[in-house]
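See below for the structure under consideration.
The values are calculated or read from the model by the stated rules, or taken from the named source; none is laboratory data. Keep in mind that what you see is a predicted model, and the values were worked out from it rather than measured. A quick note on method: Cβ atoms are made from the backbone with ideal geometry, for glycine too, and the neighbour counts reach across all protein chains shown. Areas reflect the complete protein model, heavy atoms only, side chains present, ligands, DNA and RNA absent. Shrake-Rupley method; radii C 1.70, N 1.55, O 1.52, S 1.80 Å.
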Amino acid sequence: MLVLGIETSCDETAAAVVEDSVRPRSNIIASQAALHQRYGGVVPELASRRHNERLLPVVHLALEQAGVAWDDIDGIAVTRGPGLVGALVVGVAAAKTLAYVRGLALVGVNHLEGHLFANAIDHEPEPSGGLLPTPSLALIVSGAHTDLILVEGAHAYTILGRTRDDAAGEAFDKVARAMGLGYPGGPALDRLGQTGDPSLVPLPVPFQDKGYDFSFSGIKTAALRVLAAQPAPEPVFLAGLAASLQRVVAEALVRKVGRAAREHHPRAILLAGGVAANSVLRRRLADEAQGLGIMVRIPPPILCTDNAVMIAACGASLLSRGKRDGWDLGASANLPL
């Protein structure tokens, strides 16, 4: 089965072709980072316009890179939410039009569930036929979301915890912007922190209660106050602040993952979302899983940020189970998992 995936939830215009649910044949991502950089963040109106300009050329390039024609495609999977509603509408409208004209099956995909399915790529399906090991514990970390999820079966989830305020990636981006690292801030913060002392700046590990919810507004504010107290911060200080912030955020995340793993005894721990590309979090979670004796899956960085491979993989799984959407498929900015 060949499925075309389309992703336009934020500022990446992406299309991909995936074969047999887990084998990527193409992966095209047209970034808008340079467009939004001057504004220090994504401007929704500009993002929607750029998706309109780029989406069809990106789709055709994905087919070309995959070496397939429209007649080879079995279905189209498209992100329907959550995300920027204007950006989502562009992708959903295009997917419906292409599916209608080509007579193809159509399925809408939850963006967060798509991130989970990045952990299925290039792995053999489970004996049960599912693409993800179950039960598993999944941590989705991005600029908009920080969720701890129990994956109980194929497309069956229980939310154990989520952020009560800022997402982890949002804290990274806002502190990075205040440090003058530009947009997107997370990757720049990661690079700078690799040269810094993670114990240089004493920051508290946030929200250490016994539940599974997170909170990152306090650590963001603490880091900004430390930065403001340095009128002319030296490069050594900035590198140390970047390293220290990443250390405490990773510790807050991994500590609760470890506690949940000891309570729920999952077969695997899955990491997903844009912040899953962060080198500190990847290393810290891998160490925690090893200590617990639990398998861990962490996608390659290119599949952590927004992409259409994960959308096609999730859509292929839904299509194989008979899921189909009609021409009334709509976009939802706050679509729950």
Q.
Being surrounded by fewer than 20 Cβ atoms within 10 Å (Cβ to Cβ), out of contact with any Leu (no Cβ under 7 Å at 6 or more places or on another chain) and part of a helix (DSSP H, G or I) is the filter here; which residues of region 263-281 pass it?
A. Glu263, Ser279
Q. Has region 224-236 got any residue that is at positive phi, of a type outside the set (Asp, Glu) and in contact (Cβ under 8 Å) with a residue 24 or more places away in the chain?
A. no
(Q) I'd like the full set of residues that are assigned to a loop (DSSP other than H, G, I, E, B), crowded, with 18+ Cβ neighbours inside 10 Å and among the hydrophobic types (A, V, I, L, M, F, W, C), limited to region 2-53. (A) Cys10, Val22, Val42
Q.
Can you tell me which residue is surrounded by the most Cβ atoms within 10 Å (Cβ to Cβ) among those in region 71-90 that are over 17 Å from Ala316 (Cβ atoms) and of a type outside the set (A, V, I, L, M)?
A. Gly83
Q. Taking region 61-94, which residues are in contact (Cβ under 8 Å) with a residue 40 or more places away in the chain and more than 21 Å from the chain's Cα centre (by Cα)?
A. Leu61, Leu63, Gln65, Ala66, Gly67, Val68, Asp72, Ile73, Asp74, Gly75, Ala94
Q) Taking only pairs six or more apart or across chains, which ones have beta-carbon atoms under 6 Å, a first residue in region 145-172 that is within 18 Å of Gly218 (Cβ to Cβ) and part of a strand (DSSP E or B), and a second residue that is among the hydrophobic types (A, V, I, L, M, F, W, C) and at pLDDT 95 or above? A) Thr146/Ala167; Thr146/Ala168; Thr146/Phe214; Gly161/Leu148; Thr163/Phe214
Q) Would you pick out the residues in region 54-70 that are closer than 14 Å to Gly91 by Cα and either open to solvent by less than 60 Å² (accessible area, probe 1.4 Å) or small (Gly, Ala, Ser) (or both)? A) Leu55, Val58, Val59
(Q) Of the residues Val205, Val236, only one is in contact with a Lys or Arg (Cβ under 8 Å, 6 or more places away or on another chain) and either at pLDDT 95 or above or under 25 Å from Thr163 (Cα atoms) (or both); which? (A) Val205
Q. Does His115 satisfy being open to solvent by less than 20 Å² (accessible area, probe 1.4 Å), touching a Pro at 6+ places or on another chain (Cβ under 7 Å) and either within 22 Å of Ile302 (Cα to Cα) or small (Gly, Ala, Ser) (or both)?
A. no
